[in-house]
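Q: Structure incoming, see below.
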Amino acid sequence: MLVTLGLAEIMVGEASPAGTMPQEGSMKKIGKTYRDSAKFSQETAEVTEHYEEGNAIPVVRKVTKKSPKISFSIMDADIDTLVEYVGGTKVEKNGTEKTKWAFDGSEVVKNKAILVKSEQGLWFEMPNASIEAVINADMSAKGIFLVEFTVTPLAVTEGKGLRAYDPKEN
């Protein structure tokens, strides 16, 4: 029996629409994941049922499954992180002007390969994943600046877009 629990880290690398994961050594930690923010979930399937008139039991039932997604927040976003995942551009330091993050929403965020390492049990990989990252900052005295991520696996040409494996398997 294999029990999967806890999050060790989330690694990110160059996306592969072909379905090949990058070597782990070429991937980097996405950031400091905010405690208890990581969730790996799948919505229930979309179900269409067709009935015969006067009968409460369906004759045909079509089930369309939905893809699991991972959501989490990071707490150490800098300008480069904002540009890479939220979008925008980095405006370099110029004279007395400081380096800035500039955003207008028109920038495209690249897909990435994602490796989710648990503390124990299965690890999950997405060779080609769409990342939607949004700012959620509580600027109160006890608040913190977070960037919330929703990662969705995308189709690949070889294999499946979401895979799980036991890293301790020989």
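Q: Can you work out which of the residues in region 123-170 that are free of Cβ contacts under 8 Å to residues at least 24 places away in the same chain and not acidic (Asp, Glu) is nearest to Val12 (Cα to Cα)? Break it down stepwise before answering.
A: So the first thing to find is which residues in region 123-170 are free of Cβ contacts under 8 Å to residues at least 24 places away in the same chain, and the list is 132, 137-143, 168-170.
This time we only want the ones that are not acidic (Asp, Glu), so: 137, 139-143, 168, 170.
Details: Ala137: 23, Met139: 28, Ser140: 31, Ala141: 32, Lys142: 30, Gly143: 27, Lys168: 21, Asn170: 24 Å.
This residue is Lys168.
Q: Taking into account only those residues within region 144-161 that are more than 14 Å from the chain's Cα centre (by Cα) and not in a strand (DSSP E or B), which is farthest from Val3 (Cα to Cα)? Spell out the reasoning first.
A: Going through region 144-161, the residues more than 14 Å from the chain's Cα centre (by Cα) turn out to be 144-146, 155-160.
This time we only want the ones that are not in a strand (DSSP E or B), so: 144, 155-160.
Numbers: Ile144: 32, Ala155: 27, Val156: 28, Thr157: 31, Glu158: 28, Gly159: 25, Lys160: 23 Å.
If we take residues in region 144-161 being more than 14 Å from the chain's Cα centre (by Cα) and not in a strand (DSSP E or B), then Ile144 is farthest from Val3 (Cα to Cα).
Q: So Glu46 ticks every box in (1) more than 15 Å from the chain's Cα centre (by Cα); (2) farther than 19 Å from Thr152 by Cα but one. Which box is left unticked?
A: Glu46 satisfies every listed condition except (2).
Q: Related question: Is it true that Gly105 is closer than 30 Å to Ala18 by Cα, loosely packed, with under 12 Cβ neighbours inside 10 Å and either under 16 Å from the mean Cα position of the chain (by Cα) or of a type outside the set (Val, Ile, Thr) (or both)?
A: Details: closer than 30 Å to Ala18 by Cα: yes; loosely packed, with under 12 Cβ neighbours inside 10 Å: yes; either under 16 Å from the mean Cα position of the chain (by Cα) or of a type outside the set (Val, Ile, Thr) (or both): yes.
So Gly105 fits the description; yes.
Q: Among the residues of region 26-59, how many are under 24 Å from Ala77 (Cβ atoms), exposed (fewer than 14 other Cβ atoms within 10 Å of the Cβ) and small (Gly, Ala, Ser)?
A: Total satisfying the criteria: 2.
Q: Right, here's the next one. Determine, yes or no, whether Ala113 is surrounded by 12 or more Cβ atoms within 10 Å (Cβ to Cβ) and under 24 Å from Ala18 (Cβ atoms). I'd like the intermediate steps shown before the answer.
A: Details: surrounded by 12 or more Cβ atoms within 10 Å (Cβ to Cβ): yes; under 24 Å from Ala18 (Cβ atoms): yes.
The answer is yes for Ala113.
Q: Here is a further query. Can you tell which of Ala129, Ala164, Ala141, Ala133 is in a loop (DSSP other than H, G, I, E, B) and either of a type in the set (A, V, I, L, M) or closer than 18 Å to Ser41 by Cβ (or both)?
A: The unique qualifying residue is Ala141.
Q: I'd like to know if region 84-102 contains one or more residues that are among the aromatic types (Phe, Trp, Tyr), over 30 Å from Asp166 (Cα atoms) and surrounded by 14 or more Cβ atoms within 10 Å (Cβ to Cβ).
A: The answer is yes; a qualifying residue exists.
Q: Considering (1) more than 17 Å from Ile135 (Cβ to Cβ); (2) surrounded by fewer than 10 Cβ atoms within 10 Å (Cβ to Cβ); (3) in contact (Cβ under 8 Å) with a residue 12 or more places away in the chain, say which one Gly6 fails and leave the rest.
A: (2)
Q: Could you tell me how many of the residues in region 144-161 are surrounded by 15 or more Cβ atoms within 10 Å (Cβ to Cβ) and more than 18 Å from Gln42 (Cβ to Cβ)?
A: Number satisfying all stated conditions: 4.
Q: Going by the structure shown, is Tyr51 of a type in the set (Phe, Trp, Tyr) and over 26 Å from Tyr34 (Cβ atoms)?
A: So Tyr51 fits the description; yes.
Q: Of the numbered conditions (1) loosely packed, with under 11 Cβ neighbours inside 10 Å; (2) closer than 18 Å to Gly161 by Cα; (3) in contact (Cβ under 8 Å) with a residue 12 or more places away in the chain, Gln23 satisfies every one except a single condition; which is it?
A: Here Gln23 meets the rest and fails (3).
Just so you know, all these numbers are worked out from the coordinates, no wet-lab data involved. Because the structure is predicted, anything quoted here is derived from the model rather than measured. In this analysis, Cβ positions are derived from the backbone assuming ideal geometry, glycine residues included, and neighbour counts consider all displayed protein chains.
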